[in-house]
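What follows is a set of notes on a single structure, which appears directly below.
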Amino acid sequence: MATIKRCQPLLGTYVEITISDERHSQEFLHDLAQMAFKHIMRVQTLMSFHDPASELSRLNACGHLHPLSINPWTREVIAEAVRLGIASEGVFDITVAPTLVQWGFLPKQSTKTPDKTGTFRDIVLHRDGRVSFRQPLMLDLGGLAKGYAVDKAADLLMEYGVQQALINAGGDLRFVGERPVSLPVRDPSQPQSVHLLTNITAPAVATSAAYFANRRYHWRKVSHILHPITRKPMRSNVSVSVFARTCVQADALTKIVLLDEPHSWQSLLIKENASAAFITAKGEIVHFPAAA
Amino acid sequence: MLRQTLLKRAALLATSFFVPCVVRCEDYMSIEQAQRTLCDGAALRKIPITLTSEQKKAIERASKERVRNLEPNVWRSSDGTWFIVDEVIGKHEFITYALAIASDGSVKGVEVLTYRETYGHEIKLPKWRAQFSGKTTAAPVQIDQDIKNISGATLSCVHVTDGVRRLLHTHALVLKNL
């Protein structure tokens, strides 16, 4: 069975693409992988907060002045973020960037930082596809764009009917074809070790962890885990892996699970047909729904 | 004289405890495969080059990155594309990657060739191992060659990004003029 494994630095992390297919040559699989990487590059070009030339930066600069036509992919991500914002009653909010800029987690933009009264409810998704803001906002799609990029790459590979593939963007994964028996997830206290999660029932998984700023390890925080309403950062040393049908859902849901009240995120996970596995600071694994 | 020898021996002994342990090891592409992929199969010629100290300083000033290798591995194709193989070291990772630069100085592509993740001697010390005794839940498994496709903390690719920036300045200041 021809198998190839490629890796490129994208989305601020290392993106690995593995493709196995006995019907095709290695050369063809490499071409497919390159096409999949191009999709990921496209998400980066459109939605990078760090790139002043990205479409997102343009939207952040002008969205409150007039509606903007944006790429359907960008609109899809914003729409999904708004949907989850509503479903989580504001715990997931892509407009928290001003606080993150103030704390130095995100770079300052050339435009004036909006004040913090805006929320995702000030985003207007026009029927003609354009987007505008009811007041100056600063959107940061870092909470779900990586998962979306993984989905786009996976969709492309599925269109080509590959037998088996795996896309891993810095820990956000999507399986195409057969799923593995176990999934290694890094221990949040000792990233050189992993715990093996079993019973992988969904094709996408994302893991978020709110570590102490520990200089011994250089692991970047997976997301700048900040509660949009209390404006308090996550501090406990736990990691959560969310399994869902799509990686964009899994990516966003990890933040909601880490920040929200248990009864709230539990009912949301059930509604989204997703599940979660926690690794505590002591290395214990806790499942939701509880393992049968 | 004796003190110098003793100090030297002590230093050697100390460094021997810091041999990094390779916990993860991925080989993605060979140099030849990367050349075919990034340079569209064009024929490449290896160009031997040694940077002068002025060139080194100019690149460091422009890129704000240390130049550790005065003899970069570079190839040039007939259409002016440059293909470079470089290494970067992070706190726990050692990466070899390939960068193709088009004749206009733009990036044609970047491919990671090999990835090594290492941790220091601390994982061998008894105190570290003692954390795992007496646990009722399964102790974490140390990553080794058999552990693949890991989910978890996002490892930043900043070292490769910084390396690419340094190489782009190397191209602009040195390679372009060859």
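The values are calculated or read from the model by the stated rules, or taken from the named source; none is laboratory data. A quick note: this is a predicted structure, and the numbers were derived from the prediction, not measured. Here the Cβ positions follow ideal geometry from the backbone for every residue, glycine too, while neighbour counts run over all protein chains shown. Accessible surface areas use protein heavy atoms only, side chains included; no ligands, DNA or RNA. Shrake-Rupley method; radii C 1.70, N 1.55, O 1.52, S 1.80 Å.
Here is how the numbers come out for the structure above:
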| quantity | calculated |
| --- | --- |
| Per-residue average of Cβ from other chains inside 10 Å of B:109-115 | 4 |
| Residue-normalised accessible area of the protein assembly as shown, expressed per residue, 1.4 Å probe, Å² | 48 |
| Long-range HN-HN contacts of residue A:194 with modeled amide H, under 5 Å | A:187, B:141, B:142, B:143 |
| Accessible area of the stretch A:122-202 belonging to carbon and sulfur atoms, whole % at 1.4 Å probe | 45 |
| Shielding by other protein chains, A:53-66, mean Cβ within 10 Å | 0 |
| The protein assembly as shown - charge dipole about Cα centre, Lys and Arg +1 at Cβ, Asp and Glu -1, debye rounded to 20 | 1720 |
| Lys/Arg +1, Asp/Glu -1 at C-beta; chain A dipole; positive extreme among A:18, A:289, A:163 | A:289 |
| Size of the B/A contact, given as accessible area buried on both chains, probe 1.4 Å, in Å² | 3700 |
| Residues losing 50 Å² or more accessible surface upon assembly, the stretch A:168-191, compared with the chain by itself, 1.4 Å | A:184, A:186, A:190 |
| Cross-link partners of residue A:116 among lysines (Cα-Cα below 19 Å; sequence separation of 8 or more within a chain) | A:108, A:232 |
| In the stretch A:65-119, the trypsin sites (Lys or Arg not before Pro) that fall in loop regions by DSSP, at most 12 other Cβ within 10 Å | A:108, A:112 |
| Kirkwood hydrodynamic radius (C-alpha pairs) into Stokes-Einstein, chain A, 20 °C and 1.002 mPa s, D in µm²/s | 109 |
| For the stretch A:156-190 and the stretch A:1-71, distance of Cα centres in Å | 16 |
| Longest site-free stretch - chain A; sites: GluC sites (Glu not before Pro), DSSP loop, at most 14 other Cβ within 10 Å | A:179-283 |
| Residues with amide H under 5 Å from that of residue B:113, placed H, sequence gap 5 or more | B:96, B:97, B:98 |
| Positions from the stretch A:1-22 whose accessible area shrinks by 20 Å² or more when the full protein complex is built, not the chain alone, probe 1.4 Å | A:5, A:6, A:7, A:8, A:9, A:12, A:13, A:14, A:16 |
| Fraction of the pair-distance distribution of the stretch A:1-160 above 24 Å, Cα-Cα pairs, percent | 40 |
| Options A:237, A:184, A:9, ranked by Cα towards positive dipole end of the protein assembly as shown, top entry (Cβ charges) | A:237 |
